[in-house]
Amino acid sequence: MSQDDFADAVRAWQGGDRHAFDALYDRVAPRLSAICRLLTRSEAEAEDLFQETWRKAVTRVHTLRDPAAFPDWIVAVARNLWRNEHARRRVALGDLARRKPMAREGGQDEGLSGLLVRDVLAGLSPGLREAFVLYHLEGRSLRETARELDATVWEVRDRLAKAQEALARRVKID
């Protein structure tokens, strides 16, 4: 979907068109689901975050100023929900490091590389993990990442350097 297509679909959805919602959901759901899995500690938490994000989107889509930005907006909604939940829980870094890799529902293998990435990312602090996901996995620029994290470009560079150091310590190539 092009930005214009997203804008048209969002406007139609805001006007009550159920088919427009379905089209947006079908187009955005895979990316959003992947982001939710990267941010959370389990498949169940990822599904909860995914569902809560869509619930929030349904109730707040009328506040979206730039309908063409819907894909980025809904990812930002998910990240904000995750941050808020994480802040409430005040999860210790040690708890994050002890997470087990997740298997997909139905026993489907996610693939070794996906499990390794998720397991390694789980050991990062939330701030480092979020910067890493935005910059390296989402492909955001340093400025976009800084804007999303409400940080300076220098702070993002520092977080990325710390994340890369932590990842290098965890991943040993034989």
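Yes or no: residue 138 among the charged types (D, E, K, R) and within 17 Å of the chain's Cα centre (by Cα)? So residue 138 fits the description; yes.
Do you know which residues across region 34-69 are among the small types (Gly, Ala, Ser) and in contact with a Leu (Cβ under 8 Å, 6 or more places away or on another chain)?
Just the residues of region 34-69 that are among the small types (Gly, Ala, Ser), to begin with: 34, 42, 44, 46, 57, 68-69.
Listed by number, the list holds a single entry, 46.
Restricting region 103-150 to residues that are in a helix (DSSP H, G or I), at pLDDT 55 or above and open to solvent by 80 Å² or more (accessible area, probe 1.4 Å) leaves a set whose member that is farthest from residue 41 (Cα to Cα) is 143. For the condition open to solvent by 40 Å² or more (accessible area, probe 1.4 Å), modelled with pLDDT of 90 or more and in a helix (DSSP H, G or I), residue 4 does not qualify.
The values are calculated or read from the model by the stated rules, or taken from the named source; none is laboratory data. None of these values were measured; they are calculated from a predicted model. Every residue, glycine as well, gets a Cβ built from its backbone with ideal geometry; the counts of neighbours run over all protein chains shown. In case anyone asks, the SASA skips ligands and DNA or RNA and just uses the protein heavy atoms, side chains included. Shrake-Rupley method; radii C 1.70, N 1.55, O 1.52, S 1.80 Å.
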